[in-house]
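The structure appears right after this line, and notes come after that.
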Amino acid sequence: MRKLYIAGNWKMNLVPSEAAKYAKELAAATKDAKVKIMIAPTAVCLPAVAEAVKGSKVIVAAQNVNDHEKGAYTGEISCAMLKDIGVTNVILGHSERRQYYGETNEFINKKVLFALANGMDIDLCVGETLEEREGGKLEKVLSDQINIGLDGVTPEQMAHVTIAYEPVWAIGTGKTATPEDANSAHAFIRGLIEKKFGKTVAENQIIQYGGSVKPSNVKELMACEHIDGALVGGASLTLDQFLPIINC
Ligand code: 13P
């Protein structure tokens, strides 16, 4: 039985004082939640948010991490820095990083391997653009993102990997994939995981959906067989939107 996993990617929103206040309220409001909950504030908010949710059910993730231990990498953040402030999760390969910062599957794979080897749990984002979907490239894009992104990962390490399927055309646009479209992409991803890591890993694999998830559409998405959670952007920024999603 796969446990529902609801995550909020705050992207470049909220200043540290706002983020800590909201995180504290969220931690208090989710004391009895049945689902796994994660929030990913921007780097500068991580220490305050990690402190604010200490002892609660809320897991804190970074939105990115470097693939080296330490050294001359200006502007970067290491796994050791995250772990030192109690952050053990990280989102990797988000489409905004692929799109605006040129991150390739090969580069993302280096970070995946490094983060896993350093004891972090990762949330690997995959998903196609509208052009790719309309050009019939959905399966090729997802196959490359999964096969290259997870190259060298062991079946045992997959217990620390969540996949987030986020069709790029549905992110921040208000357009959600239909539950049928999302479920069929998730089923395809589960098939790729089975081919690469075997049936048991595939059956246990948590695959979140992301892209304009809101209180009004979350129930029908989560009811789909292969959708095991959500990675929420805009609607994770306020308690009145995010809480109904968590309690869906
Ligand atoms: P929105 O929920 O704002 O569409 O963002 C989704 C997303 O990119 C989460 O990582």
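Residues being modelled with pLDDT of 95 or more and over 16 Å from residue 127 (Cα atoms) are entirely absent from the stretch 173-186. Of all the numbered requirements in (1) more than 16 Å from the chain's Cα centre (by Cα); (2) under 25 Å from residue 112 (Cα atoms), residue 159 misses one, and that requirement is (1).
Every listed requirement among (1) among the aliphatic types (A, V, I, L, M); (2) more than 14 Å from the chain's Cα centre (by Cα); (3) within 13 Å of the ligand (Cβ to nearest atom) is met by residue 138 save one, (3). Does at least one position in the stretch 217-230 carry a residue that is among the acidic types (Asp, Glu), closer than 17 Å to residue 126 by Cα and in contact with a strand residue (DSSP E or B) (Cβ under 7 Å, 6 or more places away or on another chain)? Looking through the stretch 217-230, at least one residue is among the acidic types (Asp, Glu), closer than 17 Å to residue 126 by Cα and in contact with a strand residue (DSSP E or B) (Cβ under 7 Å, 6 or more places away or on another chain).
Quick grid of which residues meet (1) among the aliphatic types (A, V, I, L, M); (2) away from the ligand (no atom under 16 Å from the Cβ); (3) closer than 21 Å to residue 229 by Cα:
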| position | (1), (2), (3) |
| --- | --- |
| 104 | no, yes, no |
| 117 | yes, yes, no |
| 150 | yes, yes, yes |
| 154 | no, yes, no |
| 166 | no, no, yes |
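Within the stretch 227-239, residues that are closer than 23 Å to residue 190 by Cβ have Cβ atoms under 6 Å from residues that are within 6 Å of the ligand (Cβ to nearest atom) and assigned to a strand (DSSP E or B) in these pairs: 231/9, counting only partners at least 6 apart in sequence or on another chain.
Would you be able to say whether some residue in the stretch 223-235 is buried (at least 16 other Cβ atoms within 10 Å of the Cβ), under 16 Å from the mean Cα position of the chain (by Cα), more than 10 Å from the ligand (Cβ to nearest atom) and over 29 Å from residue 155 (Cα atoms)? No, the conditions are met nowhere in the stretch 223-235.
Looking at the structure I just gave you, is residue 210 without any contact (Cβ under 8 Å) to a residue 24 or more places away in the chain and surrounded by 15 or more Cβ atoms within 10 Å (Cβ to Cβ)? It would help to see each step written out before you state the result.
Details: without any contact (Cβ under 8 Å) to a residue 24 or more places away in the chain: no; surrounded by 15 or more Cβ atoms within 10 Å (Cβ to Cβ): yes.
It is false that residue 210 is without any contact (Cβ under 8 Å) to a residue 24 or more places away in the chain and surrounded by 15 or more Cβ atoms within 10 Å (Cβ to Cβ).
Restricting attention to the stretch 160-183, the residues being among the hydroxyl-bearing types (Ser, Thr, Tyr), surrounded by fewer than 19 Cβ atoms within 10 Å (Cβ to Cβ) and in contact (Cβ under 8 Å) with a residue 24 or more places away in the chain number 1.
For the stretch 25-44, filtered to residues that are hydrophobic (A, V, I, L, M, F, W, C) and within 16 Å of the ligand (Cβ to nearest atom), the residue that is surrounded by the most Cβ atoms within 10 Å (Cβ to Cβ) is 40.
Taking the stretch 170-181 as the range and being of a type in the set (A, V, I, L, M, F, W, C) and within 10 Å of the ligand (Cβ to nearest atom) as the test, the residues that pass are 170, 171.
The values are calculated or read from the model by the stated rules, or taken from the named source; none is laboratory data. Note that the structure is predicted; figures quoted are calculated from it, not measured. Neighbour counts run over all protein chains shown; Cβ positions are idealised from the backbone, glycine included.
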